[in-house]
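Below you'll find the structure I mean.
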Amino acid sequence: MSVFSNRDFADHEQVVFCSDDRSGLKAIIAVHNSNLGPVLGGCRMWPYASEDEAVRDVLRLSRGMTYKSAIANLKLGGGKSVIIGNPRTDKTPELLKAFAQAVERLHGRYIAAEDSGTGVDDMKYMAQFTRHVSGVHDKPAEHGTRSGDPSPSTAYGVFVGIQAAVRERLLRDSLDGLRVAVQGLGHVGLDLARRLKGAGAELWVTDLQREPLLAAGKELGATVVAPDDIFGLDVDVFAPCAMGAVINDQTVPQLKAKIVAGAANNQLAEPRHGAVLMERGILYAPDYVINAGGIIDVYHERIGNFDPAALARHIEGIHDTLLEVFARARKEERPTGEVADAIAEERFKR
Ligand code: NAD
């Protein structure tokens, strides 16, 4: 395959292919841009259908991390890694050790964190073989301590992001009575639903699993709907917290929500869907801006002297960043995603 001329290569500083015969490791570490600092990004494990698919995924994701860290005001560059394999059947201690050793050989240019297919326990195990892994320490939290899992911080960031979007689009400060449809009640979605309920919102929820739906129905009084019915609900906010590409040619015509704001990565199937939302008067909170709470959390753990109040303030900055994106998008009559990209580039290309 071509590399430098590949569109996804997008000026990557370094791409490292790692293999280890004994453990069967096949992994790629991509360092997109380190102008603002060392690159920190998740390590995804996935049974990619082809090596090309794995390369494309890691390059796109690492580029996205540069934008996410820059707009979240972090002194971090963007990078990502992928391990090719099925996390349920192929993940062994030997494989994680070999991957950690590959990370260590980069001497801190890339710092790994959990992602789809890897978890806090994997990171803790890898930390025996490399210093360059984050999201591994138990942290003080509002009530006692919590693990390195960044999901609660992501959920908090999405919550304050929804407040900003409501201010901009609905011209109100309170979430009391706000009607929100949450797609996906995993680590982030369920926590977000609890926060929204606490602020007085009315909830509609969906998931592919039964347990979180039962929890949301019982604990939060949420109305449970089938996965396909979540798009067309007569709500104020649609919060995608499951998977990517949910804003597409099939779903946009169904949307009645005035705001799309959720945790999922890569929500727009194609960049043009940002313009389509704008034309329909739907305010889109760019995914990598609103879901940056997790990377902010991991960063605060990384810099040491973990201070929950400083972390909370930093996450709350997502609110103001979004207001800046929305105001500029309104003034320049451009899709919010384009404006967010421009602001991020102004920061990391400086
Ligand atoms: P998760 O795997 O814990 O939860 C996802 C949930 O979505 C699961 O309960 C799953 O059953 C459900 N789901 C999957 N497909 C669905 C569908 N078609 N309809 C309805 N529900 C469906 O993941 P998470 O950690 O909660 O992350 C959610 C999203 O947010 C992902 O896109 C992730 O990449 C993104 N994100 C997460 C974090 C984080 O800190 N966890 C940070 C940034 C972005």
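For LEU220, what accessible surface area do you get with a 1.4 Å probe? Give it in Å², rounded to 10.
Answer for LEU220: close to 10 Å² accessible.
Quick one: how many Å² of LYS349 are accessible to a 1.4 Å probe, rounded to 10?
Result for LYS349: roughly 130 Å² accessible.
For the chain, just say rounded, prolate or oblate: build the C-alpha gyration tensor, square-root its eigenvalues into a ≥ b ≥ c, call rounded for a/c under 1.5, and beyond that prolate if a/b exceeds b/c, oblate if not.
Note, shape of the chain comes out prolate.
While we're looking at this one, here's another question. In terms of the Cα gyration tensor, with a ≥ b ≥ c the square roots of its eigenvalues, is segment 154-236 rounded because a/c is under 1.5, prolate because a/b exceeds b/c, or oblate?
Judged from the Cα gyration tensor, segment 154-236 comes out prolate (a/c at least 1.5, a/b above b/c).
Multiply the residue gap between ASP229 and LEU170 by 0.36 nm, knock off their C-alpha separation, and tell me the result in nm, one decimal place.
18.9 nm
Which FRET efficiency value, to the nearest 0.05, do you get for GLN209 and GLU279 by plugging their Cβ-Cβ distance into 1/(1 + (r/R0)^6) with R0 = 45 Å?
Using R0 = 45 Å, I get an efficiency of 0.80.
In square angstrom, rounded to the nearest 10, how much accessible surface does PHE159 have for a 1.4 Å probe?
Around 30 Å² of this residue is reachable by solvent.
Something else about it: So which of LYS80/LYS349; LYS68/LYS256; LYS124/LYS218; LYS197/LYS258 end up more than 25 Å apart, counting from Cα to Cα?
Result: LYS68/LYS256; LYS124/LYS218 exceed 25 Å.
Quote to one decimal, in nm, the extra length available between ALA199 and GLU104 on full extension: 0.36 nm per residue of separation minus the C-alpha distance between them.
Stretched out fully, the ALA199 to GLU104 stretch lengthens by 29.8 nm.
Which angle from 0 to 90°, rounded to the nearest 10, does the C-alpha axis of helix 151-170 make with the longest principal axis of the chain?
Tilt relative to the chain: about 40 degrees.
In addition: Seen from all sides and averaged, what is the projected area of the convex hull of the Cα atoms in segment 151-348, in nm²?
Directional mean of the projected Cα hull area for segment 151-348 stands at 10.9 nm².
Using alpha-carbon positions, what is the distance between the centroids of segment 141-211 and segment 78-110, in Å?
31 Å
For an R0 of 45 angstrom, estimate the FRET efficiency from the Cβ-Cβ distance between SER19 and ARG179 and round to the nearest 0.05.
0.35
Also: Can you say what percent of the DSSP beta bridges in the chain, counting only those with both residues inside, are antiparallel? Round to 5.
35 percent
Let me ask something else. Tell me the GluC sites (Glu not before Pro) within segment 1-54 that lie in a loop according to DSSP and have at most 11 other beta-carbon atoms within 10 Å.
none
Work out how much length ASN86 to ALA312 would gain on full extension: take 0.36 nm times their residue separation and subtract the Cα-Cα distance, in nm to one decimal.
Values: separation 226, 0.36 × 226 = 81.36 nm, distance 3.50 nm.
The span from ASN86 to ALA312 would gain 77.9 nm if fully extended.
Taking the simple approach of a point 7 Å from Cα along Cα-to-Cβ for both ASP52 and LYS256, what is their distance in nm?
4.3 nm
When the dipole is taken about the Cα centre of segment 151-348, and only Lys, Arg (+1) and Asp, Glu (-1) are charged at their Cβ, what size is it in debye, to the nearest 20?
340 debye
With +1 on each Lys and Arg Cβ and -1 on each Asp and Glu Cβ, and nothing else charged, work out how big the dipole of the chain is about its Cα centre, in Debye to the nearest 20.
500 debye
At what distance in nm do the modelled label points of GLU94 and ALA269 sit from each other, each positioned 7 Å from its Cα along Cα→Cβ?
Distance between label points: 4.3 nm.
The values are calculated or read from the model by the stated rules, or taken from the named source; none is laboratory data. As the structure is a computational prediction, the values presented were derived from the model and not from experiment. Reconstructed Cβ throughout: ideal geometry from the backbone, glycine too, with neighbour counts over all protein chains shown. Quick note on the areas: whole protein, heavy atoms, side chains included, nothing else; ligands and nucleic acids left out. Shrake-Rupley method; radii C 1.70, N 1.55, O 1.52, S 1.80 Å.
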